[in-house]
Structure formats: C-alpha cells, structure tokens
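Notes follow the structure.
What follows draws every value from the coordinates through simple rules; no lab data is involved. What you see is a predicted model; the values in this text were computed from it and never measured. FYI the Cβ positions are ideal-geometry reconstructions off the backbone, even for glycines, and counts take in every protein chain you see.
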Amino acid sequence: MPASGSRSTMRLTPFWAVMVAVLCASVSTAPGQEDPPPIARYDELAIYIVSPLHFGALAKNDGYVEIGPNDDLITDSNFLIYEATYSSAIIDVHGLENTAVSISIAGSISGGMVISNFHTSLGDPPIGSAEGAVLDAAGELRFNLGARLAIDKETASAGGNSIPYTISVIYE
Amino acid sequence: MKRATCFALSIVFALMAGNASAVDLASTATVTIVEGITITETAALNFGTLVLNNGDVVVATNGNVTDASSLTSDGTSQQPATFDVDSISGVDLDVNITPDAAANGLTLGTMTFDFEGDSANPVTSGGAGDVLTVGGTLTVDRTQASVGASQTMGFTVSVTFN
C-alpha cells in the first residue's frame, strides 16, 4: 500500500542521514589528517608498535627464553642467552576515549622457532577492562609486551630472524 | 517488504560498525641466532679396577692417579674423561661439572677440568674442536660397595656462555 510505503521511506531517510554523518565524522578524524584537532581524538581503533619485541642473541640450541613485559628475564633455563640485549615491546592502542577494550595476542611457529606465552604489563592476555584495558581520556592505552621464544636447533637458522605474532584489539 | 529491507540494511550497517571497532596488527619479534655449544664425549672417566676397601682414588685431568689407600688392582684403564666442545671462537664459556649422588658405596667427589689449558672459569672457546678433560675423586665405602665389573657413577658436564 502506498501509504505504508511512504511511512517506511520517511523512517529510512533519517537513518541514512545518520550513517552518512557517522562516516563523515570517521573520515574527518582519520590518522594522517593535515589539521588534527587540538585534542587528539581517535574514533577507530588503531595499534602502533612503539618499540619492537626483541629476544637478543640466543644460541642455536633446543630450549626457550621467556621475557617479561618490563625488559625482565623470566627464564633461560636452557642457557640460550648469548647476548642479553633482549627488550620488551611497547604497544600503543588508540580509539574512543574512556572506552574499554579487549586485547588478545596470537603467536606463531616460524623457522624452527615458536613464540607464545605472552605477558603484558596489564596481565597475561586475553585481557579486558577488568585488567585495566581501558582507553584513557585522550583515547590512548599503552602497554608493554613480553613473550616466550622456543628454539628447535635442528630447524632454526643462524642469523637475524623475525617471528610473527598478531595483536587483536576490540571494543568491549 | 520495505520494512524488511530497512531491517536488513540496519543489520548490514551494524555489521559494518562492528568491523570498525576491532583491529588486528601483525607484528614480528626479532632474535639473532648464533651457533650454540655442542659437547661430545670422546673418552669416559675410568678409575680402573679397585679392591673392595675404604679409600679414595683421584684421577687428575693430566692422567696422573693418586691412590693413597692402595686400592688400585689394575690401573691400565685409568684415565680422565675427554669431550670435544664446539662453540664460537673467542667467546667466554663457563664449565661446571656436577656429580650424581652417591650410590652403592661409591661416591664421586671433587671434579676437576682442563679446557685447553684453563682450569678455572671463564674459559675461552677456540671455536670448533676444543678439548675438555675431566678428572675426579672416587671414594669407596667397603661396607656398602659390592664386587663387580663396570660399575657406573654419573656426572653432568655443563658448558654455557659466560
């Protein structure tokens, strides 16, 4: 019936208007804007590696090294450390101010090495608002990250190596 | 029908909003792997054939034997243990030797080592093929030891980066 069709159109129009406004607002505050507002505001979640996770120089033997979130050594029970130049990662999360987030971290197996058992300065992941994973009034959250790196001497290669891991952040 | 369309569109936008509220970042940890340390035993520590009596027998890293209690019945096989150690040339290493607990009246006591002329930590690796020699003191308790060939006492050799 035309009447009811007309009413439906009237309801839909404000909905589209709101969505366009929301999308425009997101674009106007996207990173890389030439004229950022005086006070930083991040509508969309973003993760930045301020400082990478580094395990230093380790011997090509079987075993593992575990680094804490504060540049601290948790264990090297297999005496792998050749140069103790390890350092925890520093991670920044940007998003909506005063908003809780959930953070999870997934390791991987790569080139005879396994990265796992992540530790953050907020607690062991997955972490949420109960552990203090809340963006502050500027929409920012910084945490440190450590992990365990296991080595299989039969398949690991000498030299510089990179081991992938993935950080996932979602609004609670 | 149009209400259904509107509802479907709402779901689509809700899903879009959900995607915008989550983010994944693939990063990498870094490590430098260096060649490790390998130890291979090339000769076993051997105290020879001893009589069942109380006393100590010392086998030094240079092969000299001290037997104050005259326990040795046949000393032809007495020798220190030797190991080949491969590592990185020029790095400092620590050598530690830990005997197992006493068993069957036989106690492996003070252990000594020689690493290419050095007998105290740290020692310096020459790269591949360094020779580590290990000696020790065996104490026999006649009240608990028994007669028999090839009785073994364990010990652990650890070579680590200094």
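Please compute the average number of Cβ atoms from other chains found within 10 Å of each residue's Cβ in peptide B:32-45.
Other-chain Cβ atoms within 10 Å of each residue's Cβ, averaged: 5.
Other chains' Cβ within 10 Å of A:161-169 residues: what's the mean?
Across A:161-169, the average partner-chain Cβ count within 10 Å equals 5.
So what's segment B:33-162 giving for Rg/Rh, alpha carbon basis, Kirkwood Rh from the mean inverse pair distance? Spell out each step's value before the answer.
Details: Rg = 15.9 Å, Rh = 15.5 Å.
Answer for segment B:33-162: 1.03.
Taking the Cβ of B:V131 as the centre, find all other residues whose Cβ is under 9 Å away and add up their charges (Lys, Arg: +1; Asp, Glu: -1).
So the surrounding residues net to -4.
For peptide A:90-97, compute the average count of partner chain beta-carbon atoms within 10 Å of each residue's beta-carbon.
Working: counts 0, 2, 0, 2, 1, 2, 1, 0.
If you average over the peptide's residues, the count of other-chain Cβ atoms is 1.
From Cα coordinates alone, what are the radius of gyration and Dmax values for segment A:72-172 in angstrom?
Taking only Cα atoms of segment A:72-172, I get Rg and Dmax of 15.7, 50 Å.
Which one, B:Q79, B:A102, B:A120, projects farthest toward the positive side of the charge dipole computed for segment B:74-143 from Cβ point charges (K/R +1, D/E -1)?
Of B:Q79, B:A102, B:A120, it is B:A102.
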